[in-house]
Amino acid sequence: MRSHPELKINSLNLSSIYEDEPLYFTANESESDTNEQLNIFNASPIYAQFKQQYATLVQKLNYWCEHHQILIKTQEDLSPEDDLLKPAFSLFLERLFDERNYYSIRKAILFNDGKRSLEELLLLLNDESIMRPIKEKTLLNLQQSIGVCADGTLTNIVDARDDLKEAHEGITFLITNTLRTLIQQHAIEHARATYSEKELATNTMHYGNAYSNYVATTYGIALKKDAFVSALHVPNWRLQQFALLLDELITPKVVLKSLMHSITGYIASLREQFHACFFKEHHAIPLKESSRLCNEGLKLMAAWNKKYDMLLPLNTNSLFQLSDDGTAVIPSPYDEAPLRKTMAQKFNALFLTKSSKRVSLKLNSGSNLIIEQGLYWKENDLEVLEFKSEELAGIERNQLDSLTDFYDYNELIETFPEHAHFLIHTDTATAEYSPLQLLERRYLTLLMALIDYHRLSKSQKKRIQSPQFAQLMSDHLSRTQQMQLLEKLGEHNLLSPEVLQQGWPSILATEGKRQIAFIELLLAQKRLTRKLCAQIETKEQELLGSNIIWLLIAHEHFWLIEQLIQEKLLSPEILAAAPKNGIYAGKNIFWLLAYYAQSPLLEQLLEQLLAQNLLTKELLAAKAKPTSKEAGISAIWLLVYRQCFKFIKKLGAQKLITTEMLATAPETGDLADRSFFWFLINYNQDRLLEKLFIQGLFTPAFLATTLPENSVAAGANNVWLLTIHQRFRLLKQLLAKQLLTTSILAAAPYQGDNAGVTTFWLLAKMNEIELINELCRQNILTTELLAAVPKDEEGTNAVYELGLHQHFPLLETLLNKGLLNKEIVAAAPKIGPDKDKNLIAVLMANEQFSLLEKLIEHKLVTPEALQTTLSDNIISILISKQQVSLVQKMCEQGLVESAVEPAEPSDVASGAANEIIAVSSNWFSFFSPTARTVKVLATTRLTARTEREQNRNEL
């Protein structure tokens, strides 16, 4: 027999679980990095002891479950090949501490609140005042629900603890826990009705916690600790809608019935436990042997009444009674009727400011059926008896006709809905009950029963379809109740345009499957009109401005939109509807269709609107407002982002694209520099771009528009985009229309890889000589434009690039126009094989000596420019190319230093040659090996020149 740890636990002391003080991880809220705090805790000296405490806690929970034969074993989902079944609590412990980090940083809440709640749960398991069946049921439920995410696990642990607290603490906690249970059930039901399966995914519990937390303070229940709630971004108007719904659902009647269910469950468990102990082997115990039984029964009743006396006091008659002959004690039969009566009376006295109204119906047996706050029983003089609903079938109809009060009939049908078909078939129901009066007094159950079972006369049906009925519905029913009535009227084809119009706000407010089903019904009955579709929300702030079509698309119910398009129920006004506030502000219906990439729907819609000439620029240009993360994005931007160029071309052909649309881009995020125009360029939509140019959309202001600050190319403009994507044909067209200016060409990014790269520099780099020649002809080029140098380490300007491409006639033109300066000529690459080789070197390499000579004549060449760029044998090269005059001009301008050697007075040529050699010797270190050769060449050429000069003088 395997030994088990003993449960030596003091119910008032958590440390009794471990015989030491319990340890917890507590995150410092002032520090944002919870993961780092967890790492520090894991490395701390107390971590091993903390882990051991958790293991002890789980071991004792497993022992309790195994000892009571309710231990649940399960399999690790993450290791399907592992066939070993483990206790649910043990699997939870493994996930909490294993290396796979199953709960991520959210295990922090299980290291604190989770551990503390499990400890309290364990203490409550050892509280003898709590009945064993309640404990077993609670632990069974917890084992089945503990294998979820961290926040869901914490929610389930806390709920289990609270269930046991309810049984321990009595009436106060019972009522609080009843409210918690009701609210949580309604919250989850509301989430399932509101959101699609895709939206819910694994978040059903988190949505439920979001709604529960919103109303927690109002109803006095504890908040659910769930970090994922904030990530759901549940809009405030939905939370408010849920709060209004609870006002209708959490009524005294509902709370009382729920309390009655819990209390009777406790009593049934109490009786089961007591009878199993004393009447298991013998149905009757002799009176003389019943002292122990009576004493235990009195103790149980004393413990019960200590907790629940204010709500439902009990005596030993609930457990046992004397036999008919008075000689033995036997189990008492279970009779719930007296309990219901007592519970209703006590509840009314404790919680209601005025007594609730009773319904009393005379039965065939002579007794009366009593209904109070949804609880019912039979009374015969002073005797309280159980009433079975089947007894209603034996009631004479004339007895039902005696119920002339609306309230009585309404309560009777609400309490016994399964017998409504019988109860409603009376002359009174048909003749006496006016639909208008029922509506005014809010007896909705009775009214809908009359509709359901066709008990309305023609005149009553007319009243239901009247404007007066519509107004009363709006005045006296909540939106939820209005929706219930509208559904019932629609089901029986009794909806009038007036009633439908009046109830439309309630339809707008009812999201989810009910709303969809109702719209489908209206479409089938041909009751949906453009007027209804255009009606907008006027109350809910976060939906202010939206219509039913917007809601359908927002929840991705696209099949209905297709029907609406086919019915031609959509107009530009309807499509333009959009919320005015919140995260959806500005996102109209067309915007949503583009966002969800509904190409088939968009195609149908565009064809229909274009055929009727109804598509407007305003519809396409509408942008999401700053309150949205998609701020600045328009519908047409979404179309181009989704690469719907087929649609874009149609819009362009209809001249529905504007300059403003071309500039549209997100206000924030990674795509902030991706304008509509950028996408057209990037996806090679050249023909469309040319058509838009022909339409005059490329204005000077648009072309000069720069990319935003957060762009990698901030500072560049739209012409720069065209240039870097090599759209030269379009650039030529812009130039022909004189749309390019010096300032536009000078724009350049001021950060990133292309910092300082101007549009003109790109043109020069890409050898677009035709464009540049025309720019020069139109006098658009300036010295500053030519001198601009990228901020990278190349250090070259546009003139240098033109030189590399051998456009020397253009360079000469620029020189003649006075556009070149010393800095332009001296600019040279700072790195690479051509380091320090400036324009002079380019001209030398291409033997453009005449252009170089002109640069020298214009005094645009400096000694520094020569010194840093030319090789040591420059003089020999120039002389070998017969550029002696160029060398002389260099000397004359002091571009090279003169160090003339002594020469024979009679030999002029020899003196000149010596001067050249001396100059070259000072500037170029390796010139000496070829000095003799150079001297001969120089002497010969200078002698010939001297002779020609003498001949001219003689002439």
How about the range 477-497: which of its residues are part of a loop (DSSP other than H, G, I, E, B) and within 24 Å of ARG238 (Cα to Cα)? LEU477, SER478
Can you tell me how many residues in the range 353-362 are assigned to a loop (DSSP other than H, G, I, E, B) and at pLDDT 85 or above? 2
Criterion (closer than 18 Å to ALA268 by Cβ, in contact with a helix residue (DSSP H, G or I) (Cβ under 6 Å, 6 or more places away or on another chain) and not polar (S, T, N, Q)) met by exactly one of ILE183, ILE171, ILE134, ILE146: ILE134
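Which of the following residues is modelled with pLDDT of 90 or more, among the polar types (S, T, N, Q), over 25 Å from VAL229 (Cα atoms) and assigned to a loop (DSSP other than H, G, I, E, B): SER44, SER90?
Going through SER44, SER90 in turn, the sole match is SER44.
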Give the range 590-629 a look and list any residue that's farther than 19 Å from LEU552 by Cα, in contact with a strand residue (DSSP E or B) (Cβ under 9 Å, 6 or more places away or on another chain) and not aliphatic (A, V, I, L, M), or say none. LYS623
Within the range 443-457, is even one residue more than 23 Å from ILE395 (Cα to Cα) and surrounded by fewer than 18 Cβ atoms within 10 Å (Cβ to Cβ)? yes
MET448 fails exactly one of (1) at pLDDT below 90; (2) in contact with a helix residue (DSSP H, G or I) (Cβ under 7 Å, 6 or more places away or on another chain); (3) outside the structural domain of ALA344 (by TED's automatic domain parsing), namely (1)
Condition first: farther than 18 Å from ARG95 by Cα and in contact with a Phe, Trp or Tyr (Cβ under 9 Å, 6 or more places away or on another chain). Now tell me which residues in the range 34-48 satisfy that. GLN37, SER44
Would you check which residues across the range 102-136 are among the charged types (D, E, K, R) and in contact (Cβ under 8 Å) with a residue 24 or more places away in the chain and list them? ARG106, LYS107, ASP113, LYS115, ARG116, GLU119, GLU120, ASP127, ARG132, LYS135, GLU136
One residue from GLN733, GLN726 being more than 24 Å from LEU804 (Cβ to Cβ) and outside the structural domain of ALA665 (by TED's automatic domain parsing): GLN733
Show me the helices (runs of 4 or more DSSP H) entirely contained within the range 217-333 in which 1 or more residues are buried (at least 17 other Cβ atoms within 10 Å of the Cβ) and of a type in the set (Ser, Thr, Tyr). 252-278, 291-308
Taking the residues in the range 529-542 that are part of a loop (DSSP other than H, G, I, E, B) and charged (D, E, K, R) as candidates, determine which candidate is surrounded by the fewest Cβ atoms within 10 Å (Cβ to Cβ). LYS539
Yes or no: GLU487 of a type outside the set (Lys, Arg) and either under 21 Å from the mean Cα position of the chain (by Cα) or not assigned by TED's automatic domain parsing to the domain that holds TRP591 (or both)? yes
Can you tell me which condition LEU614 does not meet? The list is (1) closer than 21 Å to GLN654 by Cα; (2) in contact with a Phe, Trp or Tyr (Cβ under 6 Å, 6 or more places away or on another chain); (3) in a loop (DSSP other than H, G, I, E, B), and all the others hold. (2)
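The rows are residues; the columns are (1) modelled with pLDDT under 85; (2) of a type in the set (Gly, Ala, Ser).
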site: THR138; (1), (2): no, no
site: ALA150; (1), (2): no, yes
site: THR153; (1), (2): no, no
site: ASP159; (1), (2): no, no
site: GLU166; (1), (2): yes, no
site: LEU182; (1), (2): no, no
Residue pairs within 7 Å by beta carbon, gap of at least six or interchain, first lying in the range 517-536 and under 24 Å from ALA193 (Cα atoms) and not assigned by TED's automatic domain parsing to the domain that holds ALA578, second of a type in the set (Ser, Thr, Tyr) and surrounded by 15 or more Cβ atoms within 10 Å (Cβ to Cβ), listed first then second, are none
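Restricting the search to the range 293-341, which residues are polar (S, T, N, Q) and within 26 Å of ASN380 (Cα to Cα)? Please lay out each step first, then the result.
Just the residues of the range 293-341 that are polar (S, T, N, Q), to begin with: 295, 305, 315-318, 321, 323, 327, 332.
Correct list: ASN315, THR316, ASN317, SER318, GLN321, SER323, SER332.
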Condition check: among the aromatic types (Phe, Trp, Tyr) and more than 25 Å from LYS488 (Cα to Cα). Does PHE518 satisfy that? no
Among the residues of the range 543-554, is there at least one that is surrounded by fewer than 17 Cβ atoms within 10 Å (Cβ to Cβ) and in contact (Cβ under 8 Å) with a residue 60 or more places away in the chain? no
What is the one condition in (1) crowded, with 21+ Cβ neighbours inside 10 Å; (2) not hydroxyl-bearing (Ser, Thr, Tyr); (3) not in a helix (DSSP H, G or I) that LEU142 does not satisfy? (3)
All conditions in (1) touching a residue at least 40 places away in the same chain (Cβ under 8 Å); (2) within 17 Å of ALA449 (Cα to Cα); (3) of a type outside the set (Asp, Glu) are true of MET473 except (1)
Output yes when any residue across the range 53-74 is at pLDDT below 85 and surrounded by 16 or more Cβ atoms within 10 Å (Cβ to Cβ), and no when none is. no
Any residue that is part of a helix (DSSP H, G or I), within 28 Å of LEU472 (Cα to Cα), β-branched (Val, Ile, Thr) and modelled with pLDDT of 90 or more - is there at least one of those in the range 507-528? yes
When residues of the range 561-603 are limited to those that are acidic (Asp, Glu) and part of a helix (DSSP H, G or I), the one farthest from SER634 (Cα to Cα): GLU562
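The values are calculated or read from the model by the stated rules, or taken from the named source; none is laboratory data. Predicted model only: the values in this text are computed from it and were never measured. As a convention, Cβ positions derive from the backbone with ideal geometry for all residues, glycine included, and neighbour counts pool all protein chains shown.
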